[in-house]
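The structure appears right after this line, and notes come after that.
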C-alpha cells in the first residue's frame, strides 16, 4: 500500500488553511475540504503545496489546475456546487447580478484567487470525501491520525485559535461560516453570541464584532437549501455590515 509522506503531511496539517487572499473583505470558513479519495491524490496535494512555498493559502485556480482539475477554471466551466452558493453571497454582497453565467465567470477568475477580495478557509486541514471515510490511519504512522475522532481532538483547538487570530490580524468585513452542525466551533472563532436570522424560510445566524460581521449559514449542499438563501444572506450583509 502506498504511504503518505508523514513529515510533509504534518507540516501541511499545521500550516495550510485554504485558498485566496487573507487581506480580503470576504472570508468563507468551512469544516473540511472534499477530495482525498486516494493516498496518491493526497500526496499530490502535499507536493503542490510544498512547491508553492508552504503558504497559509494557495491560489485556488493554480492549485486545482496542478491537481488536474482545471475544468473548474477554464473552457466550459464546470459548476462546483459548494463554490456556486458561496459565490452568490459575494455577488449579492457586491450588489452584482448572480445568474449562473455570472457565477461561473466569478468562479473562473475571481473566486479565492491570490489577488481576489475573498478567501476560502477550512477548519480541518486534511481533505476527505466524506466524514465516513478515513484512510489516513492506514496510510500514515502519525498517532494523531489513527482515527478521525483522535484527529479532530488533536487539531480543532489549535485551528480554532489560529483562524481567530487571523481574523483579528486581517479584519475582514464579512466572515461566513457554513455548516450549521458545527456552530459550537464557529462561535468559538467569532467569540460572539449569534442571533437567528430567517433567509428564504431557512435559518441562518448573525453576529457583529468590531468591524467584522459574522454569519453562520447552512451548508451549500444541505438538503432543501436554495440559491436564494445565499443571495439573501449576501444582500443582508451588504445592507447591515
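The values are calculated or read from the model by the stated rules, or taken from the named source; none is laboratory data. Keep in mind the model is a prediction, meaning the values are calculated, not measured. Counting neighbours? That spans all protein chains shown, and the Cβs are built from the backbone with ideal geometry, glycine included.
Do the conditions hold for residue 126, that is, is it within 19 Å of residue 14 (Cα to Cα), within 15 Å of the chain's Cα centre (by Cα), modelled with pLDDT of 95 or more and in a loop (DSSP other than H, G, I, E, B)?
It is true that residue 126 is within 19 Å of residue 14 (Cα to Cα), within 15 Å of the chain's Cα centre (by Cα), modelled with pLDDT of 95 or more and in a loop (DSSP other than H, G, I, E, B).
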Completion exercise
The number of residues in segment 208-239 that are part of a loop (DSSP other than H, G, I, E, B), under 24 Å from residue 160 (Cα atoms) and free of Cβ contacts under 8 Å to residues at least 60 places away in the same chain is 4
Practice task
Can you confirm whether segment 53-63 contains a residue that is in a helix (DSSP H, G or I), in contact with a helix residue (DSSP H, G or I) (Cβ under 8 Å, 6 or more places away or on another chain) and modelled with pLDDT of 95 or more?
Solution key: yes
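Within segment 159-207, take every residue that is exposed (fewer than 14 other Cβ atoms within 10 Å of the Cβ) and not in a helix (DSSP H, G or I) and give me the one that is nearest to the chain's Cα centre (by Cα). Working first, answer last.
Initial filter on segment 159-207 (exposed (fewer than 14 other Cβ atoms within 10 Å of the Cβ)): 161, 165, 168-169, 171, 181, 183-184, 191, 193, 195-196, 198, 201, 203.
Within this subset, residues satisfying the condition of being not in a helix (DSSP H, G or I) are 171, 191, 193, 195-196, 198, 201, 203.
Working: 171: 17, 191: 19, 193: 22, 195: 22, 196: 22, 198: 23, 201: 25, 203: 20 Å.
Out of the qualifying residues, it is 171.
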Exercise for the section: Find the residue count for segment 146-169, including only residues that are touching a residue at least 24 places away in the same chain (Cβ under 8 Å) and more than 16 Å from residue 121 (Cα to Cα). Expected result: 2
